[in-house]
Every structure is written in C-alpha cells, then in structure tokens.
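Shown next, in structure tokens, is the structure this report addresses.
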Amino acid sequence: MGALALVKVFATTITIASGGNGGNFAPSMFVGACSGFFFARIVNLLNISNLPTSSFAMVGMAGILSGVMHAPLTAVFLIAEITGGYTLMIPLMVVAASSYAMVKYFEPYSLDTKKLAQKGQLLTPNKDRTILHIMKISHLIETEFQPIAPDATLGELVQLIACSRRNLFPVVTADKKLAGVLLLENVREIMFKTEKYNVVKVAELMIKPPAIVQYDDSMASVMKKFDESGAWNLPVLRGRRISALFLNRAYSPNTVSCS
C-alpha cells in the first residue's frame, strides 16, 4: 500500500506534466487512502497501538485532498459524505486544517492555480499585480504624436512644432523604423535662429529613447521600464517598426494613458 501511494504520485506527476488529462482529485483521494491505511497498518504490525485502519484511510484522504486542492472544508464534508463517516468529523477537521496550514506555508497556490499565478493571470490579493494584468497596452497608447524624418531640416521641424500640441516628436525613417526621439526642450535654444533652418538636420538634434516598449510586453514590464528610466513617454514598437505610438505614464483628459 505504501508503494502504491508513491507510484501513484509519480504516475500522476508524469501524466499531468506531459500534457495528459489525469486530474488531481481522484489521485489525491487514492494517495490519501493508501497513506492513511499504510500508517495505521505499520503501527498495528509494530504493536505500538491498535489503530482502526479504515478510519485512518478516510482521514488520510481528507488530509491529502485538503493540501493538494487548498480546500479544507471541501475535504472534510466530501469525505464524510461519501464514506458516511460523520463520527470522524472532528479528526477530519483537525487533519484537514493541519494539512492546509502546512501546505499553504510552503506553497501559496494550489495545483489548479499555480500555473496561472506564474503567468500573472490569477486575480490574487495583490491588487497592484491584478490591475497591471487587466491593463492592456493597446488601450493605453497615444497616437497624436507627429513623426518627422531624420533628414528633415530645422525649418521643417519648426513648422511641425507650430501645428503640434505635444513636445515630443518621434524620428521615423521612410520604412517606419524608429531612429530616435526629439524633445522640444532640445531645440528651444535654436528654433528661433532662422539662419540655421536649412543647415541643421533633425538627425543632429534627436536622442535615443531611454527605453523601448514592445507591443506584446506585459504591463508589469512596462511599468518597470518607466520606473527604471524615469521617462515621461516611451515609444511602442512592433518588432523594430513604429507608427508614432507612445505610452504616457501620466493621465491626461485628452488621451488614454498609463498612470
């Protein structure tokens, strides 16, 4: 019986990990029954005490089921119902609660929710993580930025500034690849020097963005880039291409942005 319990554990693990549909409910009950019976039988054979093997099998089922599924009340009432062992209600409660508390200390998630938690798709008490998971980049992108080519002149840039409401301009090549970004504060000193309008090129004034956001990045990764870079806006790329798409770390009533 002890060997059967161990074999069942390995068999269930291999089945589920390889993509099979083995489940964990019935295997938990099987392992619990074998373990409880094994423990009581060993104690009886060693003449340490005279334990009821059937009762220990039921209590073992409740303990393993509670620990695996993180559901102590389900384990207690289910085992009591299917076995008719209502006289064991107190032992079932003690074992199920002890099993749950012990497993919860070492593993905060059950087998059913662990993979979802690792992917960040589980709505946990961590409210910040939950909000970041719900947020999508596609809903937070700003598109009213005016792109400009790297070989454009300062005069062309001044004309673009005159008709733009933003102080940030993505520098985009002909094949829509991001070459850099240009901030209004970087050209404020020379934008009124008309003699430089046809001399200075945008490529000489642009800077590299402090960080790049990919369109399929998670919001947790995006907020980490904002925190590390200290940037107010970050460009969003699809591969290496951009369509004048930016994320903003502050909320604006005229745009949908990330705060």
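Kindly indicate whether any position in segment 68-75 is touching a Phe, Trp or Tyr at 6+ places or on another chain (Cβ under 6 Å) and part of a loop (DSSP other than H, G, I, E, B). No, there is no match, as no residue in segment 68-75 is touching a Phe, Trp or Tyr at 6+ places or on another chain (Cβ under 6 Å) and part of a loop (DSSP other than H, G, I, E, B). Name the pairs whose Cβ atoms lie under 7 Å apart, with the first residue in segment 205-226 and in contact (Cβ under 8 Å) with a residue 40 or more places away in the chain and farther than 21 Å from Val171 by Cα, the second in a strand (DSSP E or B) and of a type in the set (A, V, I, L, M), and 6 or more positions between them or separate chains? Matching pairs, first to second residue: Val222/Val213; Val222/Leu247. Take the conditions within 15 Å of Val95 (Cα to Cα) and out of contact with any helix residue (DSSP H, G or I) (no Cβ under 6 Å at 6 or more places or on another chain) and apply them to Met29. Does it pass? Against the criterion (within 15 Å of Val95 (Cα to Cα) and out of contact with any helix residue (DSSP H, G or I) (no Cβ under 6 Å at 6 or more places or on another chain)), Met29 does not qualify. Annotation note: of Thr113, Thr87, Thr143, the sole residue that is at pLDDT below 85 and either open to solvent by less than 60 Å² (accessible area, probe 1.4 Å) or at positive phi (or both) is Thr113. Screening Ala231, Ala220, Ala244 for residues that are among the small types (Gly, Ala, Ser), in contact with a helix residue (DSSP H, G or I) (Cβ under 6 Å, 6 or more places away or on another chain), open to solvent by less than 70 Å² (accessible area, probe 1.4 Å) and at pLDDT below 85 leaves exactly one candidate, Ala220.
Number of residues in segment 35-78 that are within 19 Å of Ser98 (Cα to Cα) and without any contact (Cβ under 8 Å) to a residue 40 or more places away in the chain equals 25.
Condition check for Val31 on (1) farther than 15 Å from Leu111 by Cβ; (2) surrounded by 20 or more Cβ atoms within 10 Å (Cβ to Cβ): one failure, at (1).
The values are calculated or read from the model by the stated rules, or taken from the named source; none is laboratory data. Quick caveat: nothing in here was measured; it's all calculated off a predicted structure. FYI the Cβ positions are ideal-geometry reconstructions off the backbone, even for glycines, and counts take in every protein chain you see. Just the protein is used for accessible areas: all its heavy atoms, side chains included, with ligands, DNA and RNA removed. Shrake-Rupley method; radii C 1.70, N 1.55, O 1.52, S 1.80 Å.
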